[in-house]
Each structure stands twice: as C-alpha cells, then as structure tokens.
Amino acid sequence: MTHNGLPADMPSYRLKFFLQQARIVLGLSSGALRYLEFAIDNCQPSDFREGRICAIWYSLERLAALLGLSKRQIARIEAELVGAGLIKRTYPDRKSRSGDRVDGVIKRAAGINLAPLIEKAEYIRLLVSRQMQADEDRERLREHIQGLFLQIRDLDDADADEAATCILPRRRPNELSDIKKMQEVAEALEAVLADFSTVAGQPEKTVESDKNVRLNMNEEKKNKTRIAEKPREEGRLNTSPAHARLLAGPQLGEYIDLYACGAPPDWQAVTRAAHDRAYELGVSSRLWRERCTQLGEARTALCLIVADRNSQRDGPFGRKNAAASFAGMARKEARQIAVLDGLVGELTHALLRSGGNL
C-alpha cells in the first residue's frame with residue numbers, strides 16, 4: 001500500500017511534533033501516540049516519499065517488549081489507531097507479520113502500514129495551527145478581560161464593581177477556557193464599563209452660594225436617609241402579580257407557581273421566586289437587599305424578571321448575562337432614570353406578538 005508522500009516541508013520528525021500537539025484533538029490515548037512515534041522512528045526517511053511503502057512488521061510480542069506493554073495493550077492500541085483512520089493492517093488474519101526491504105526500499109510489507117497517517121499529515125498540521133491560533137485568542141481575551149476589570153475598578157463606583165462581579169464572580173479570566181464564553185464575558189464587561197463611564201462623566205450641578213451648598217447638602221442627606229431607611233413607594237407600578245407571572249421565563253415561572261401554592265400569584269410569591277432565581281443567576285445577596293431597600297421588593301423583582309427573560313432572547317433586547325443586566329437596570333431605577341416600565345411594555349408586546357414563545 002503506497003502513499004502520496006509527506007509534504008516537502010514536513011520531515012518525519014515534524015510529523016511527530018504535530019501528532020504530539022494534536023493528540024487531544026485527535027482523541028488519541030498516550031499509548032497510541034507512543035506507538036505512532038515508535039512506528040515513525042522505525043521507518044526510514046525514504047519510506048515517507050511519494051509512491052513508497054511506509055510500514056513496520058514487528059510481531060505483537062516484539063512490539064510489547066520494545067514498548068514495555070502487554071500484547072493485549074498493543075492489540076488494543078492498534079485497534080484504536082485503525083478506528084481513527086491513522087494506520088492499516090495489511091497482513092492476513094491468523095498470519096504472521098513479515099516484509100522485505102531491498103537496497104533500503106520496502107518491496108513488500110504484511111504488517112502495519114502508515115499510509116493513512118501520511119495522507120492525513122496536512123490535516124493534522126491544520127488542526128495544530130488552528131489550536132495554536134485558538135490558544136493565542138484565549139490569551140488575548142484573558143488579558144482583555146483583566147484589563148476591563150481594572151478599568152471598571154478605576155471608576156471607583158460600587159455599583160459598577162458589583163455589576164462586573166456578577167459577570168465573573170471570582171474575577172479570574174484564567175479559569176475560562178471556552179472562547180465563546182470568554183467573548184460573552186468581555187462583551188458584558190465592555191457594556192458595564194461603557195454604561196458606568198457615561199454616568200461617571202456627567203457633570204454635577206454647581207451651586208451659587210455657601211448657603212445653598214448647606215441647604216443642598218442637608219436635603220441630599222435627608223434623601224439618602226429616606227432611601228436607606230425605607231423602600232420607595234410602589235404605588236406607580238403598572239404591573240400586577242398576574243402580569244409579572246406572564247412575563248417570567250420558564251424557570252422563574254415555575255418558582256412563582258410553587259410559592260403561589262396553586263392560587264393566583266400575589267406579590268409575595270413573585271418576590272420570593274425572584275429572589276431564588278436571582279441567587280441562581282449570580283446576583284449577590286448584598287446587591288439584592290440594597291435594591292429591595294431602594295426600589296421596593298416588587299420593582300426589584302420586576303427588574304429581575306425582565307433581565308432573566310431578556311437573557312433568553314435574541315435581537316436588540318437580548319442580553320447574554322442576566323445578572324449584569326439586572327444590576328444595570330436596577331441601578332438606573334435607583335437613580336430614577338425609569339427604564340423598567342418601558343422594558344416591561346416592550347417585553348409584553350413581544351410576548352403577545354410571539355404567542356408567548358420568545
């Protein structure tokens with residue numbers, strides 16, 4: 001069984017290197033890699049030229065002794081490599097392996113032929129190239145994510161810091177290996193940085209006299225005290241518990257039904273369910289308590305419901321990270337930017353258009 005030869009720029013030792021780098025991607029065991037390396041080393045460079053036979057014909061006993069394995073292990077490895085399409089058995093069943101080499105050229109070989117491996121050499125090199133590129137991409141993304149965390153920290157904003165932590169709680173990009181997940185984390189952090197940088201860059205109102213300064217400071221202190229001590233009035237909510245249940249995603253909807261105990265849901269069932277779902281999504285208990293104090297439990301629960309549902313959507317209102325979306329939405333509500341009612345309305349219309357299946 002002849003072959004088309006290794007590429008001119010790939011001597012046999014380079015083929016061994018590519019196999020080592022691509023072992024995991026190819027799904028090869030360490031024993032299979034050792035076997036291929038041994039087979040390559042025990043062929044001559046001329047065997048890898050186009051039109052030649054490239055093979056070994058050691059017996060199972062001899063291979064087992066040379067590799068320090070049992071005959072059964074050798075048989076299992078050969079079966080693995082045949083299944084992977086990297087070698088071919090060229091000896092008849094129940095016959096011994098044999099071959100003839102004349103003037104350095106194999107004329108006949110009834111053994112293990114490496115032609116399938118040689119034919120796949122370029123494909124294996126491509127796998128290694130892609131793997132190396134992916135490793136470089138991962139490293140760049142890790143550095144980018146770490147840099148985003150540093151930029152968010154430099155904003156010196158507790159809410160921004162909390163939102164970033166919701167996205168990657170341990171703040172360790174080195175723990176991420178999936179490129180898609182890393183891209184999602186980077187995009188979410190970029191959104192947090194852009195959002196809070198805009199807020200941080202807004203100029204503060206100036207005052208005209210020392211007297212006004214004292215009055216404004218006192219009024220601000222009163223406002224802060226009121227916010228810290230009791231929730232904002234929820235009288236302007238345009239959403240009922242039943243409406244909130246319709247907006248909820250599948251998992252959160254189940255929690256609401258569970259707390260409602262078979263009855264129509266009330267706000268207590270909705271808020272308890274939202275609290276449980278927030279924990280699952282990675283929203284910290286501290287952030288949840290703060291927002292419940294600032295916004296009221298029902299409005300905080302609505303923020304969570306919308307963020308959770310939007311994380312399951314595509315399109316302009318889709319969000320990849322529910323916890324970060326909740327943090328940003330609740331922060332804007334706490335600053336009385338009033339985004340929630342509009343998002344609730346949009347989500348309601350979207351559900352109606354889709355028949356309840358976003």
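The values are calculated or read from the model by the stated rules, or taken from the named source; none is laboratory data. Please read these numbers as outputs of a predicted model, since none were measured by experiment. No Cβ is skipped: glycine too gets one built from the backbone with ideal geometry, and neighbour counts run over all protein chains shown. These area figures cover heavy atoms from the full protein model, side chains too; ligands, DNA and RNA do not enter into them. Shrake-Rupley method; radii C 1.70, N 1.55, O 1.52, S 1.80 Å.
Condition check: touching a residue at least 40 places away in the same chain (Cβ under 8 Å) and closer than 16 Å to Met1 by Cβ. Does Phe18 satisfy that? Write out each step before concluding.
Values: touching a residue at least 40 places away in the same chain (Cβ under 8 Å): yes; closer than 16 Å to Met1 by Cβ: no.
Here the answer is no, as Phe18 does not meet what is asked.
Only residues that are within 30 Å of Phe48 (Cβ to Cβ), polar (S, T, N, Q) and over 18 Å from the mean Cα position of the chain (by Cα) were counted across segment 119-158, and they come to 1.
Of all residues in segment 217-241, those that are in a helix (DSSP H, G or I), open to solvent by less than 70 Å² (accessible area, probe 1.4 Å) and either of a type in the set (Asp, Glu) or at pLDDT 85 or above (or both) total 1. Going by the conditions given, is Gly83 over 22 Å from Met132 (Cα atoms) and at pLDDT 95 or above? It is true that Gly83 is over 22 Å from Met132 (Cα atoms) and at pLDDT 95 or above.
Considering only residues that are small (Gly, Ala, Ser) and outside any loop (DSSP other than H, G, I, E, B), which ones fall in segment 1-41? Give the derivation first.
The first filter runs over segment 1-41 and keeps only residues small (Gly, Ala, Ser), leaving 5, 8, 12, 22, 27, 29-32, 39.
The answer is Ser12, Ala22, Ser30, Gly31, Ala32, Ala39.
Residues in segment 322-347 that are open to solvent by 30 Å² or more (accessible area, probe 1.4 Å) and either under 16 Å from Ala164 (Cα atoms) or among the β-branched types (Val, Ile, Thr) (or both): Lys332, Ile337, Val339.
Output yes when any residue across segment 89-108 is over 23 Å from Ser46 (Cα atoms), open to solvent by 80 Å² or more (accessible area, probe 1.4 Å) and modelled with pLDDT of 90 or more, and no when none is. Break it down stepwise before answering.
Narrowing segment 89-108 to residues over 23 Å from Ser46 (Cα atoms): 92-96.
Now drop any that are not open to solvent by 80 Å² or more (accessible area, probe 1.4 Å), which leaves 93-96.
If we keep only those that are modelled with pLDDT of 90 or more as well, we get 96.
For segment 89-108, residues over 23 Å from Ser46 (Cα atoms), open to solvent by 80 Å² or more (accessible area, probe 1.4 Å) and modelled with pLDDT of 90 or more: present.
For Pro169, the requirement of being over 21 Å from Leu287 (Cβ atoms) and either at pLDDT 80 or above or among the β-branched types (Val, Ile, Thr) (or both) is not met.
Considering segment 296-321, and only residues there that are within 21 Å of Leu189 (Cβ to Cβ) and small (Gly, Ala, Ser), the residue that is most open to solvent (accessible area, probe 1.4 Å) turns out to be Ser311.
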